[in-house]
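> Input: one structure, supplied below.
What follows draws every value from the coordinates through simple rules; no lab data is involved. On a predicted model such as this, the values are computed, not experimentally measured, just so you know. Backbone-built Cβ (ideal geometry, glycine too); neighbour counts: all protein chains shown.
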Amino acid sequence: MNFINNKYKIIEKLGAGCFGEIYKGENVRTQEHVAIKVESIANNLKLLKNESVIYQYLVGTTGVPNVKWFGKDAVNYYMVLNLLGDSLQTLLNSKKSFSLKLVLQIGLQIIFILKSIHEKGLVHRDIKPDNFLLGNDNNKKQIYIIDFGFCKSLVNVSDSKKTTGIIGSLTYASLNAHNYTELSYRDDLESLGYMLLYFYQGFLEWQKIEDKLLIIQMKQQVVNNEKTPTVLRDFLKCVRQLNFKETPDYNTLINLLKRELEIK
């Protein structure tokens, strides 16, 4: 597996998830560094193939990496992407917590990214700090969203159905996800609200709790907790009021964060 498509060379392993592995690689013809996601064909999941289709559908969208190549050999599926920088989780690990100003700046970028994805009829369904990466080189202030393995189209979905379990990360899952309700645009935004609170505090009170009912209660109460910044309480209240197929008022959410930033 050292050479892929007679063009890409594996340099080192960057990480692994439930469905595959990701490597740093190099285009041997141009010396450009890339990221290479690998999924075993034997797993019969075809998640990487589906993900590559979504990336192609979103091509040109700000904050979404470009797929350079997708293919397979006798053993694996491969997807080659832009190589990006550290995740927001890695950044937080080095700083412990972020200032409210930085949290709001991050939030604004991500709302714009989610708006672009939602306008294409897609819900990401796995909003968490590991899935947002900074750019490389001259693009270090641009945030990118990755990992569309759970992503789903809402275009032909008329009403919410029940799911068989929680989709995405338990820590950032929306209240609808806990209730096994089909996820929509509102749920990406609610997960974003929890993520921004996590960045500000450096932790979430329910992070290490296994009792799902207690987690639900704590998430419900976060909008009444005086330790939660008012701007994040208002943000969460706003997105929790949305109906399943309702298009969020992104401008209201953007202005909510911008107004708070002007005070800072």
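> Does anything in the range 11-29 have its amide N under 13 Å from the 7 Å Cα→Cβ label point of residue 43, and if so which residues?
Under 13 Å, as judged by backbone N against the label point of residue 43, lie 15-23 of the range 11-29.
> Same structure, new question: Fewest Cβ neighbours within 10 Å first, please rank 10, 127, 54, 113 accordingly.
Result, fewest neighbours first: 10, 54, 113, 127.
> Please sort through the DSSP H helices of the chain and keep those with an alpha-carbon extent of at least 18 Å along the long axis and a Kyte-Doolittle average not below 1.0. Please list the in-between numbers first.
On the way: long enough: 100-118 (26 Å, 1.54); 185-201 (25 Å, -0.29); 250-263 (20 Å, -0.01).
Flagged H segments are 100-118.
> Which ordering of 240, 125, 29 is given by a fewest-first count of other beta-carbon atoms within 10 Å?
29, 240, 125
> Figure the gain on full extension for residue 160 and residue 259 (residue separation times 0.36 nm, minus the Cα-Cα span) and round it to one decimal in nm.
32.3 nm
> In nm, what is the difference between 0.36 nm times the number of residues separating residue 102 and residue 142 and their Cα-Cα distance?
Full extension of this stretch gives 13.1 nm more.
> At a temperature of 20 °C and a viscosity of 1.002 mPa s, determine how fast the chain diffuses translationally according to Stokes-Einstein, using the Kirkwood radius over alpha-carbon pairs as Rh; express D in µm²/s, rounded to the nearest whole number.
D, rounded to a whole number, is 110 µm²/s.
> Please turn the phi angles of the range 67-72 into ³J(HN,Hα) values with the Karplus equation 6.51 cos²θ - 1.76 cosθ + 1.60 (θ = phi - 60°), one per residue in order, whole Hz, x for glycine and proline.
7, 8, 6, 10, x, 8
> How big is the range 1-43 by the Kirkwood estimate over distinct Cα pairs, in Å?
Across the range 1-43, the inverse of the average 1/r is 10.7 Å.
> Given a Förster distance of 41 angstrom, what is the FRET efficiency for residue 180 paired with residue 11, based on the Cβ-Cβ distance and rounded to 0.05?
Efficiency computed from Cβ-Cβ geometry: 0.50.
> What's the exposure ranking of 195, 79, going from fewest to most Cβ atoms within 10 Å?
79, 195
> Continuing with the same structure: Just to be sure I understand the model, the point goes 7 Å from the Cα along the line to the Cβ. What's the resulting residue 249 to residue 237 distance in nm?
1.4 nm
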